[in-house]
Amino acid sequence: MSEIGERVKKIVVEHLGVEPEKVVDSASFIDDLGADSLDTVELVMAFEEEFGCEIPDDAAETILTVGDATKFLEKNAKS
Amino acid sequence: MRRVVVTGLGMVTPLGCGVDATWTRILAGQSGAKKIDTFDVSDLPSQVACPVPRGDGSDGTFNADQWMEPKDQRKVDDFIIFAMGAAKQALDDANWHPQTEEDKCATGTLIGSGIGGLSGIADTAIVLKERGPRKVSPFFIPGRLINLASGYVSIEHGLKGPNHSVVTACSTGAHAIGDGARLIALGDADVMVAGGTESPICRIGMAGFCAARALSTGFNETPQKASRPYDKDRDGFVMGEGAGIVVLEEYEHAKKRGAKIYAEVIGYGLSGDAYHITSPSPDGDGGFRSMSAALKRAGLTAADLDYINAHGTSTQVGDEIELGAVERLLGNAASKVSMSSTKSATGHLLGAAGAIEAIFAILAIRDNVVPPTINLDNPSVQTAIDLVPHTSRKRDVNVALSNSFGFGGTNASVIVRRVT
């Protein structure tokens, strides 16, 4: 897993309180990791904080899995 | 109307997590007060409080992880976590864990708070000002709303009956229990999880009550002496935190399932002062009328009372006004009644106060013992009423009344009686 992928995984584990082994690229935040709609908003905020970038609402709506987040951040991360 | 009894108790208080820890320590005359060391108080006139003792859960300490998932704790203020703890204790104590749809729908939740998520509001206001609205958490609102204590508890335990809350400042806990009992009496529910919860010990909470000149300021170096109801040196209340929650149940429902019955809620009275936003009416008429209404509802006279858990916050004016109202109520029966202020030990839990104090009244009936008013070295007035100074007292207690009076001139009195 990329360095960014590892940081994404750490945030997801922390915020959703899930086992690290469940946080794989294909895992859906809502369907596989037990997040609700408010959790996903907070996750996006945590990604913004960690990676020093802004994730606009229309982009946030396309981030449904751990892999989606990693892919987006590999392109857009500023820190 | 249907009869309502208490079948479960839960407490998170400055004296400990759990009914046993709290009751043992209060009967031993211990105080929950200490100098505040969790945030800067150097510029605050009042620097003492009664915090819930945090720890790993042993020896009566409160371990939030036992009551709520860590990932959910982050989303809410402490008043919700305290409520989760006290509600679980009460439901376990009552051995009531509804499984069928019918039982779930017959069980409601009515947990109030005076202020709710004060520290979360203060912290988020700073985030908003310094970093803008995009940094405000989606959990900001649901983690601060007062009725979310009821919300979280109902979700955790699957309680689908009335989902309600109370906000009446320092009368909240008493109103929650009284109103919860009414919902059962009128048939809206068979079981209610009712009480109050509060987490006001933070800089903005201290600053606000200091500004209102409500807090003790003269005992910053001797915190355990600061809460001293009826004593001539009292100079304000000591802020407390925690939760008190009871399981209320329709009498036949409780009997049928063989539940342990602590006491019956037989009286509940409410009144308004219509006088001032923070000061009680000097004639004490509001408190007098709320106690009188509770007695009328109970079908008793003042001479039937054995124990009164006073509102008694340790403020200059409030204590004597309440004492005057109680003397007026009791008349010639004053000398047979014991009245103590447990706030001398717990501090003032605001919206949770009425609930933990109703529980103390219930435990006084269970054990035939009344908890003390600690620090009562020199009463500021003479009275025929036994104010239970310093040490708890064994005595017969069959009927007990608990008073709660709040900002806004809101008064509530709850009467409980032994079920024989």
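The values are calculated or read from the model by the stated rules, or taken from the named source; none is laboratory data. Keep in mind the model is a prediction, meaning the values are calculated, not measured. Cβ atoms come from the backbone with ideal geometry, glycine included; neighbour counts cover every protein chain shown. Surface areas here come from the heavy atoms of the whole protein model, side chains and all, with no ligands, DNA or RNA. Shrake-Rupley method; radii C 1.70, N 1.55, O 1.52, S 1.80 Å.
So if R0 is 51 Å, what FRET efficiency would B:A122 and B:A333 give, r being the distance between their Cβ atoms, rounded to the nearest 0.05? Could you put the intermediate results ahead of the total?
Numbers: r = 47 Å, r/R0 = 0.92.
The formula returns an efficiency of 0.65 here.
As an exercise, find the ratio Rg/Rh for the range A:1-74 from alpha-carbon atoms, using the Kirkwood inverse-distance average for Rh.
Taking Rg over the Kirkwood Rh, I get 0.90.
List the equivalent ellipsoid semi-axes of chain B in whole Å, largest first, each obtained as the square root of 5λ for an eigenvalue λ of the Cα gyration tensor.
One finds semi-axes of 29, 28, 19 Å for chain B.
Taking a ≥ b ≥ c as the square roots of the eigenvalues of the Cα gyration tensor of the range B:268-418, is the shape rounded (a/c under 1.5), prolate (a/b larger than b/c) or oblate?
Because its axes are fairly even, with a/c under 1.5, the range B:268-418 counts as rounded.
Dividing the alpha-carbon Rg of the range B:242-305 by 2.2 N^0.38 Å yields what?
Relative to the rule-of-thumb radius for its length, the range B:242-305 sits at 1.52.
Ignoring ligands, DNA and RNA, what percent of the 1.4 Å accessible area of the protein assembly as shown is carbon and sulfur?
52 percent
Ranked by accessible surface with a 1.4 Å probe, highest first, in what order do B:Y307, B:Y152 come?
B:Y152, B:Y307
Checking the cross-link filter: which lysines have an alpha carbon closer than 26 Å to that of B:K256, excluding same-chain neighbours under 8 positions apart?
Straight-distance partners of B:K256: B:K88, B:K104, B:K160.
With r defined as the distance between the Cβ atoms of B:D367 and B:E156 and R0 fixed at 35 Å, what FRET efficiency is calculated, to the nearest 0.05?
FRET efficiency, B:D367 to B:E156: 0.70.
So the label point goes 7 Å from the Cα of B:T38 along Cα→C-beta, right? Which residues of the range B:174-213 then have their backbone N under 17 Å from it?
Of the residues in the range B:174-213, B:197-209 have backbone N under 17 Å from the label point off B:T38.
In percent, how large is the relative contact order of chain B, given Cα pairs closer than 8 Å and 6 or more residues apart?
In percent, rounded to a whole number, it is 23.
Would you calculate the convex hull of the Cα atoms in the range B:1-130 and tell me its volume per residue in Å³?
193 Å³
What do you get for trypsin sites (Lys or Arg not before Pro) in chain A restricted to DSSP loop and a cutoff of at most 10 other Cβ within 10 Å of the site's Cβ? Mind dumping the intermediate values first?
Numbers: sites: A:R7, A:K9, A:K10, A:K22, A:K71, A:K75, A:K78; in loops: A:K78.
Passing sites in chain A are A:K78.
Between B:E252 and A:S26, how many nm apart are label points set 7 Å from Cα along the C-beta direction?
My value for the distance between the label points is 5.8 nm.
Beyond 25 Å, what share of the Cα-Cα pairs of the range B:145-243 remains, rounded to the nearest whole percent?
37 percent
The range B:178-254 to the range B:36-78: how many Å between their Cα centroids?
Cα centres, the range B:178-254 to the range B:36-78: 16 Å.
Could you give the semi-axes, largest first, of the ellipsoid that matches the range B:153-202, computed as the square roots of 5 times the alpha carbon gyration tensor eigenvalues and rounded to whole Å?
Values for the range B:153-202, descending: 21, 15, 7 Å.
May I ask which of A:K78/B:K75; A:K9/B:K71; A:K22/B:K135 have a Cα-Cα span longer than 20 Å here?
A:K78/B:K75; A:K22/B:K135
Is it possible to state the helix-based mean residue ellipticity at 222 nm for chain A, with each DSSP H run of 4+ residues giving -39500 (n - 2.57), the sum divided by total residues, to the nearest 500 deg cm²/dmol? What is it? Write down the numbers at each step before the final one.
On the way: 4 runs with 44 residues, N = 79.
Computed ellipticity for chain A at 222 nm equals -17000 deg cm²/dmol.
Please figure out what share of the DSSP beta bridges in the range B:4-263 is antiparallel and state it in percent, rounded to the nearest 5.
Of those bridges, close to 65 percent are antiparallel.
What range in chain A is the longest one free of GluC sites (Glu not before Pro) that are in a loop by DSSP and have at most 15 other Cβ atoms within 10 angstrom? Numbers along the way, then the final one.
Numbers: sites that count: A:E54, A:E61.
Counting at most 15 other Cβ atoms within 10 Å as exposed, the longest clean stretch of chain A is A:1-53.
Tell me the per residue accessible area of the range A:1-74 using a 1.4 Å probe; a whole number in Å² is fine. It would help to have the intermediate numbers written out before the result.
Details: 3820 Å² over 74 residues.
Accessible area per residue, the range A:1-74: 52 Å².
So how compact is the protein assembly as shown: Cα radius of gyration and Dmax in angstrom?
According to the Cα coordinates of the protein assembly as shown, Rg and Dmax are 24.2, 83 Å.
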